[in-house]
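Reading through the structure tokens given below for one structure.
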Amino acid sequence: MARKMLVDEEMNQTNQEEAHYDFDLFVIGAGSGGVRAARFSANYGAKVGICELPFHPISSEVIGGVGGTCVIRGCVPKKILVYGAAFGSELEPSILYYPGLAVWGAVPVLTRSNMRYRSDPAKIGGHGGGTSLGSLPMSEVQDARNYGWELNVKLDFNWKKLLHKKTDEIIRLNGIYKRLLSNSGVKLFEGEGKIVGPNEVEVTQLDGTKLSYSAKHILIATGSRAHRPPIPGQELGITSDEALSLEDLPKHAVVFGGGYIAVEFASIWRGLGANVDLFFRKELPLRGFDDEMRAVVARNLEGRGINLHPQTNLAELIKTDNGIKVTTDHGEELTADVVLFATGRLPNSKRLNLEAVGVELDSAGAVKVDEYSRTSIPSIWAVGDVTNRMNLTPVALMEGTCFAASKTVFGKEPSKPDYSHVPCAVFSIPPLSVVGLSEEQAIEQANGDVLVFTSTFSPMKNTVSGYDDDFEIRQEKTVMKLVVDAETDKVLGASMCGPDAPEIMQAAFKNEGIAVALKCGATKAQFDSTVGIHPSAAEEFVTMRSVSRRITCSGEPKTNL
């Protein structure tokens, strides 16, 4: 009886303590991971508050916006620019300026003087109803106009129009994210949040007023920010934030970095007509991806006119009357309108007061967490880029779901994120997409032989929409690859570089995508037994029958490109 009274007393005391919290959960950061965790926790009945910095397309330590990096100054606006830039190569063989030269942004793209329109020049402007512009149907012509391309007597590009469309879209998405929070019953505070105790947060509002709230759980979801390399004149360069909001399209851009951001912006600017020089430290761009596919991407970049400078660092930037003079560590010099630093990102943890309350950080400033996203303080958690685990938006969503839908905290079903078979894409033009192990990783982890299947072909669309026999034809191939465990027949990794690669990798056939198939442990025999959709690029993944190479576990990867 005494034991029962003691337990009842402890439970009553616990309930009283919990009743004194202003929130069950307070989230700092309303990006993808934070919003997901807040909404799902509220759906489990938790009282949730969330704070985010005021909205602006270009971030700083005191500017952000609901939706976070991905929605406002990352994946979404970048993909819009990629769509816009892709029209350049679509229109390039379709507009034949009569009688001389087609103008593509600031760059002449067709140089023969005797070119003719493939359709009636009088109808090129699109006023002829269903007429097509070159080889493009009128629906695509209108799409091109919406992405800033001016299709009249000559091919030109309106950067400000595309920029305006991009800004309209991120403002729309910012509003949608706010409504998602409101509809879930989450209380949104606009201002800068920091942690002042294991169960206490402070929000500094726009007018400087400070509000303090207690919470049973605190979640850090503040993301990351672009890094600038410490070189003389680094203040003259820009990051991806500014690159998405430039007032004017550069005529000549220098991009420093070899990751996906560098490759994507090089593709965007080149697609929109700029001259582009891409500098990176390694022999190939995209370190960490399959080496064979890295070589494919590099070849495609060069084929589209991007100047590659491997194993090269930038040493100094100097402002001149003609632009920014760039000096490399090899002594090379060139002048550009814009220099983009795409040299990585750092966790947004500096202004959160974390070390003062005992939250451990690593040497890069990332919040240390366990496999359930809990920090060194039991009541404080962290998800997304601020933890520097796998910095992808869908991964932040997964981490937020595991925390909040929190099977771990509010759902009462402890759940940890699963980082195996996470697909990803590089939205270069054309794009690269991968899931599972690269050939190099498979060989490193193998207990037996590894089989590699590859397929290289010209996309069907290019066979009829490219230049005719009198003009140069772009030799740009689609490349697909499967890496297979020879003993178990299990498909360990898949990759593709070519049109629609991300869509094919995510969801392609048999009601499953390549990523889903690998996640479910599919074998090569199951791939082979699947009927493909014909004609399509995706069917190649289920028709690769011949082994391109077999590598023993002690062997070295070898490409056949």
Name the residue farthest towards the positive end of the dipole of the stretch 229-340 from the options I238, N275, T327, assuming +1 on Cβ of Lys and Arg, -1 on Cβ of Asp and Glu, about the Cα centre. N275
Quick one: if the Förster radius is 45 Å, what FRET efficiency do D143 and S529 give, using the C-beta to C-beta distance and rounding to 0.05? 0.75
Run the dipole for the stretch 229-340 about the Cα centre, Lys and Arg Cβ at +1, Asp and Glu Cβ at -1, nothing else charged, and hand back the magnitude in debye, nearest 20. 240
Residue order for R73, R281 - accessible surface, 1.4 angstrom probe, largest first: R281, R73
Once the Cα atoms of the stretch 243-379 are picked out, what are the Rg and Dmax in Å? 18.9, 56
Under 17 Å from a label point 7 Å along Cα→Cβ of T552: give me every residue in the stretch 478-492 with its amide N that close. 486-487
Find the relative contact order for the stretch 423-552 and round it to a whole percent, using C-alpha pairs within less than 8 Å whose residues are 6+ positions apart. 31
Can you check what the Kirkwood hydrodynamic radius comes to for the stretch 423-552, Cα pairs only, in Å to one decimal? 15.2
Between Q441 and K79, what length comes free when the chain is fully extended (0.36 nm per residue of separation minus the Cα-Cα distance, one decimal in nm)? 127.4 nm
Just the number, please: carbon plus sulfur as a percent of the accessible area of the stretch 372-423, 1.4 Å probe, no ligands or DNA/RNA counted. 56
Given a 1.4 Å probe, how much area per residue of the stretch 423-552 is accessible, in Å²? 47
Based on Cβ point charges of +1 for Lys and Arg and -1 for Asp and Glu, what charge dipole magnitude is obtained for the stretch 423-552 about its Cα centre, in debye rounded to the nearest 20? 320
Check: the stretch 15-91 dipole with +1 on Lys, Arg Cβ and -1 on Asp, Glu Cβ, in debye: 420
Going highest first, how would you order 482-493, 516-527 by mean Cβ packing within 10 Å? 482-493, 516-527
Ranked by accessible surface with a 1.4 Å probe, highest first, in what order do E150, E292 come? E150, E292
Taking 34-42, 308-316 and ranking on average Cβ neighbours within 10 Å, highest first, one gets 34-42, 308-316
Contour minus Cα-Cα distance for I171 and D362 (0.36 nm per residue): 65.3 nm
Would you mind working out the accessible area per residue for the stretch 229-340, using a 1.4 Å probe, and quoting it in Å²? 40
Pop out the carbon and sulfur fraction of the accessible area of the stretch 229-340 as a percent, whole number, probe 1.4 Å. 45
Largest first, what is the accessible-area ranking of E283, E302, E200 with a 1.4 Å probe? E283, E302, E200
Roughly how many nanometres apart are two label points built 7 Å out from the Cα toward the Cβ at E413 and E150? 5.7
Too long at a 25 Å Cα-Cα cut-off: which of K79/K178; K47/K210; K161/K282? K161/K282
Taking amide H atoms as placed 1.01 Å from N in the peptide plane, list the residues 5 or more away in sequence, or in a different chain, whose amide H sits under 5 Å from that of G493. L437, V483
Mean Cα-pair separation over length for the stretch 197-350, i.e. relative contact order, pairs under 8 Å, 6 or more apart, %: 30
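The values are calculated or read from the model by the stated rules, or taken from the named source; none is laboratory data. In this text, all values refer to a predicted model and were calculated from it rather than measured experimentally. Using ideal geometry, Cβ is built from the backbone for each residue, glycine included, and neighbour counts are taken over all protein chains shown. All accessible areas refer to the heavy atoms of the entire protein, side chains included, with ligands and DNA or RNA removed. Shrake-Rupley method; radii C 1.70, N 1.55, O 1.52, S 1.80 Å.
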